[in-house]
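K.L.:
One structure coming up, written as structure tokens, with questions to follow.
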Amino acid sequence: MEKACIDINQLINVFSNYEGAVYQSDKLNCFYVDFGGKFARYNCLSLQKLKKVVEEIDIEALLLNTHKADFELVTFNGCEHIYLLNALEIIALKDLLHGTFTMFNLNYMVNDCLYRLVY
């Protein structure tokens, strides 16, 4: 998906790091991951699947294996997006997704505390 097709003013920046960003669209009920030169659209379940796939990559084994290149193909069933990432990019994507889900949890905790104070 091209950035030009999306009104960037309607997106909420959930989390960003030096390699990319994750945006939330309340209007379209989806998330956009801007990483590795791609601007990919995910629903909530797909974003969770992406996080699970990325978290399962063993960086140490990837770097120590001398019989294999230090690149990993990141995708999952039902996803139309494919990432070919080296070890540093995998670490950056892990950081991006970890920060994103931390922000989701933080938002939930703040809303929960505010709700308890009001009621």
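The values are calculated or read from the model by the stated rules, or taken from the named source; none is laboratory data. Small disclaimer: the values here were computed from a predicted structure and weren't measured. FYI the Cβ positions are ideal-geometry reconstructions off the backbone, even for glycines, and counts take in every protein chain you see. To get the accessible areas, we keep the full protein, side chains included, count just its heavy atoms, and leave off ligands, DNA and RNA. Shrake-Rupley method; radii C 1.70, N 1.55, O 1.52, S 1.80 Å.
K.L.:
Looking only at region 105-118, decide whether some residue is surrounded by 13 or more Cβ atoms within 10 Å (Cβ to Cβ) and of a type outside the set (Asp, Glu). Steps first, answer last, please.
P.N.:
So the first thing to find is which residues in region 105-118 are surrounded by 13 or more Cβ atoms within 10 Å (Cβ to Cβ), and the list is none.
Within region 105-118 (the criterion being surrounded by 13 or more Cβ atoms within 10 Å (Cβ to Cβ) and of a type outside the set (Asp, Glu)), the answer is no, since none of the residues qualifies.
K.L.:
Among the numbered conditions (1) surrounded by 16 or more Cβ atoms within 10 Å (Cβ to Cβ); (2) more than 17 Å from Asn13 (Cβ to Cβ), tell me where Phe76 comes up short.
P.N.:
Result: Phe76 passes all but (1).
K.L.:
Quick check on region 9-30: of everything there that is open to solvent by less than 80 Å² (accessible area, probe 1.4 Å) and in contact (Cβ under 8 Å) with a residue 40 or more places away in the chain, which residue is nearest to Glu80 (Cα to Cα)?
P.N.:
Filtering region 9-30 for residues that are open to solvent by less than 80 Å² (accessible area, probe 1.4 Å) and in contact (Cβ under 8 Å) with a residue 40 or more places away in the chain, the one nearest to Glu80 (Cα to Cα) comes out as Val22.
K.L.:
Something else about it: Can you list the helices (runs of 4 or more DSSP H) lying wholly within region 2-119 that have 2 or more residues being of a type in the set (Phe, Trp, Tyr), at negative phi and at pLDDT below 95?
P.N.:
Working: elements: 44-55, 59-64, 87-118.
Those helices (runs of 4 or more DSSP H) span 87-118.
K.L.:
In region 87-110, what residues are under 13 Å from Phe35 (Cβ atoms) and polar (S, T, N, Q)?
P.N.:
Scanning region 87-110 gives a single hit, Thr100.
K.L.:
Residue by residue through region 82-103, note down the ones that are surrounded by 14 or more Cβ atoms within 10 Å (Cβ to Cβ) and either closer than 18 Å to Gln24 by Cα or charged (D, E, K, R) (or both).
P.N.:
Selection gives Glu89, Leu93, Lys94, Asp95, Leu96, Leu97, His98, Gly99, Thr100, Phe101, Met103.
K.L.:
So, one more: Do we have any residue at all in region 71-89 that's without any contact (Cβ under 8 Å) to a residue 12 or more places away in the chain and within 14 Å of the chain's Cα centre (by Cα)?
P.N.:
Within region 71-89, one or more residues are without any contact (Cβ under 8 Å) to a residue 12 or more places away in the chain and within 14 Å of the chain's Cα centre (by Cα).
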